[in-house]
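Notes for the one structure printed next.
Any read-out appearing in this document is the output of simple, stated calculations on the displayed coordinates, not a laboratory observation. Worth saying up front: this structure is predicted, and the values here are computed from it rather than measured. All Cβ positions, glycine included, derive from the backbone under ideal geometry; neighbour counts span all protein chains shown.
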Amino acid sequence: MATREIATGIDSSGPHIDYQTVVIVFTILQAVVMVVASFGNLMVIVAFVRYMDLRRATNKFIINLAISDLLTGLVMVYQITSFYVPAMSRHLVSCLLQFQTISVFTLSSQLSVTFCTIDRFIAISTPFKHDAIMSPRNTAIMISVPWVYGVIIGALPFIGVNNWTDGSACIYELVVTPAQLYISALTTWSQTIPCFIMYGIIFKVAWDRKKRIRPTNRVLVHRIEVHSSVMMGIVTVAFTACWLPYSVTTFMQALNFNPTVSFVGNCLVFVGVAHSIVNPFIYAWQKREFRRACGRLLCTRSSARRNQQPRVKTISHQSDRSDATSWRTDK
């Protein structure tokens, strides 16, 4: 992430920073993110595809989010290589790839989190219209939008929307235009505020409904939806906590570039990228079916036979059918 240029700029105008130390620390952090994010999100994808109910829009959004985080982890290989091959920072395309690959996957993650929130909002506020609104077609469109948006924004610098000149320092805030810095920061803020508003409404509606619904199977369905909303709410809070600090430095750099702020921003990027390792732990904490699915994936075939546990997917389907049937009957 242009560590050499930023460290040099700080050294000439501020506190001394040992470049070799910075490289070692950044390399270790990126290697950890690469390994944990790749393994954790691959587990999420395989577990949800094999054992979870893919008819649910929420599960599809979770898989989409896991794919974004998996690719974020894998692209760390390119980032680590750029530290040790300075020539990669001297050419426009190789320089931009250091930034824009992460930008594409981050934008995709942001929109995926937002659509998860919209799905939960519809499920809680208008439960009887949820299946019609979140139809397979609409869900597929909502899954595609984050990638289309991310690719379009990420491709702009490659087609001429940049400030690159021969001999330019490969620093994100100097290579891209101020407008792109504003778009990056505004994307985070414009999604965070509505998400928190929707979750506020979600939990208010859930609390009011809890006091009105009589003890029937409908309560079980309501609890399932609320629990899923709580899990995705935690994911949203974690994403916001990881990326909002960086968006603040992006605003500052768009107004007036400063090497020290740029170095701080590079450090905060790692905080944001580290979010790609968080979601699998949230799912394991909040979702029992996911823990059981991971157990099945990690256990040997012989131990699975000894345990003779029923397939998670079967349980999930049967539970969903019985809950939905009871809900419709009660209604």
*Pick out, from Ala57, Cys95, Asn163, the residue whose Cα sits farthest towards the positive end of the charge dipole of region 48-166, with +1 on the Cβ of Lys and Arg and -1 on the Cβ of Asp and Glu.*
Ala57
*Relative compactness, region 22-87, computed as alpha-carbon Rg over 2.2 N^0.38 Å*: 1.39
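If you count, for each residue, the other Cβ atoms within 10 Å and average over each peptide, how do 259-272, 24-37, 108-121, 132-145 line up from highest to lowest?
On the way: 259-272: 19.6, 24-37: 17.1, 108-121: 24.1, 132-145: 14.2.
Output ranking for 259-272, 24-37, 108-121, 132-145: 108-121, 259-272, 24-37, 132-145.
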*With the radius of gyration and the Kirkwood radius both derived from the Cα set of region 102-237, what is their ratio Rg to Rh?*
1.14
*region 80-175 - Debye-derived log10 I(q)/I(0), Cα point model, q = 0.12, 0.14, 0.16 Å⁻¹*: -0.54, -0.64, -0.73
